Structures are given as C-alpha cells and as structure tokens.
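The values are calculated or read from the model by the stated rules, or taken from the named source; none is laboratory data. Predicted model only: the values in this text are computed from it and were never measured. Cβ sites come from the backbone with ideal geometry, for glycine too, and all protein chains shown count toward neighbours. The area values use the complete protein model at the heavy-atom level, side chains included, leaving out ligands, DNA and RNA. Shrake-Rupley method; radii C 1.70, N 1.55, O 1.52, S 1.80 Å.
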Amino acid sequence: QVHLVESGGGLVQAGGSLRLSCAASGTIFSGNTMAWYRQAPGKQRGLVAAITSGGNINVVDSVKGRFTISRDNAKNTVYLQMNSLKPEDTAVYYCRYSVLGYEYWGQGAQVTVSS
C-alpha cells in the first residue's frame, strides 16, 4: 500500500508561480514512476508530466517550458514547479505513483489561476 500526500496548491494570478509537492509513504519499490495529472471542470483527467525513479522525464507540450517535474528519491517526493501560469492551467492536480502494474493516487490539489 502506498499513501500520497499532495501540498502546494492555491490561488495565483496569471503569470505567477506555484510549486506542488507529493510525498509517498508505505511500501515503495524502486523502478517506479511518479506523475502529475490534472482535471479541469467538465474535462477528463490528463497527464501533465511524469518522471521515473531513474530520472526519465515526459512533459506534455501544453506546459513545456513552463512546468518542471523533479523528484527526491531519498524522500520519495515528486515536485511540480509551475511558472508563467495561465488561466487554462486551472484544475485539480493529482499525483500518481505506479510500479509493477499497481497505481495509487493522491487526493488532489486545487490550482486556480486568475486572469
């Protein structure tokens, strides 16, 4: 079992920055992938960025150059640094941990960007 706790969401003006954190606890296996997804009202949940324990990164085009994903394996924590935020980035951001066919989700962090 893996428990994920997210933090760092909030309200920010367009052009501002926020940093999300997601700490994993429980039975953590090496070779895992941690990722950030987001879901805006009325839309499906979609991938924002992912990073493996080996450091391989995937970032969707809509946030490339603005968002940076990183992780601290010693702390089992993944981060999402979000810069130059836009109103269309408003969503609930979810952390996901996956390994060996299992997946776990965090409770979600609201990010609201005002214009």
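With every protein chain left in place, what is the accessible area of VAL2 in Å² (1.4 Å probe, nearest 10)?
10
Please report, in debye to the nearest 20, how large the charge dipole of the chain is about its Cα centre when each Lys and Arg carries +1 at its beta carbon and each Asp and Glu carries -1 there.
Value, rounded to 20: 100 debye.
How high is the relative contact order of the chain, in percent, counting Cα pairs under 8 Å that sit 6 or more residues apart?
36
Whenever you get a sec, line up ASP89, ASP72 from highest to lowest accessible area (probe 1.4 Å, protein heavy atoms).
ASP72, ASP89
Using θ = phi - 60° and the Karplus form 6.51 cos²θ - 1.76 cosθ + 1.60, what ³J(HN,Hα) does each residue of segment 24-31 get, whole Hz, x for Gly and Pro?
9, 9, x, 8, 9, 9, 5, x
Normalising by the residue count of segment 32-84, find the relative contact order in percent from Cα pairs under 8 Å and 6+ residues apart.
Computed value for segment 32-84: 26 percent relative contact order.
Got a number for carbon plus sulfur as a percent of the chain's accessible area, 1.4 Å probe?
Answer for the chain is 49 percent, counting heavy atoms of protein chains only.
Starting from the amide H of ASN73, placed 1.01 Å from N in the peptide plane, find each other amide H under 5 Å away whose residue is 5 or more places distant or on another chain.
Correct list: empty.
How big is the gap, in Å, between the Cα center of segment 1-43 and the Cα center of segment 49-74?
Centre-to-centre distance over Cα atoms comes out at 12 Å.
Computed over the Cα atoms of segment 50-100, what is the ratio Rg over Rh, Rh following Kirkwood? Write out the running numbers ahead of the final one.
Values: Rg = 11.9 Å, Rh = 12.3 Å.
Ratio of gyration radius to Kirkwood radius for segment 50-100: 0.97.
If you roll a 1.4 Å probe over the heavy atoms of the protein chains, what accessible area per residue do you get for the chain, in Å²?
52
Of LYS64, LYS86, which has the most accessible area and how do the rest follow, probe 1.4 Å?
These residues rank, largest area first, as LYS64, LYS86.
If you build the convex hull over the alpha carbons only and average its shadow over all orientations, what do you get for segment 9-67? Give it in nm² to one decimal.
Values: hull surface 22.1 nm².
Projected over every direction and averaged, the Cα hull of segment 9-67 covers 5.5 nm².
Can you tell me which lysines have their Cα less than 25 Å from the Cα of LYS64? Leave out same-chain residues fewer than eight positions away.
Hits, sequence-local ones excluded: LYS43, LYS86.
Can you give the alpha-carbon Rg of the chain over 2.2 N^0.38 Å, where N counts its residues?
Its radius of gyration relative to the 2.2 N^0.38 Å reference: 1.01.
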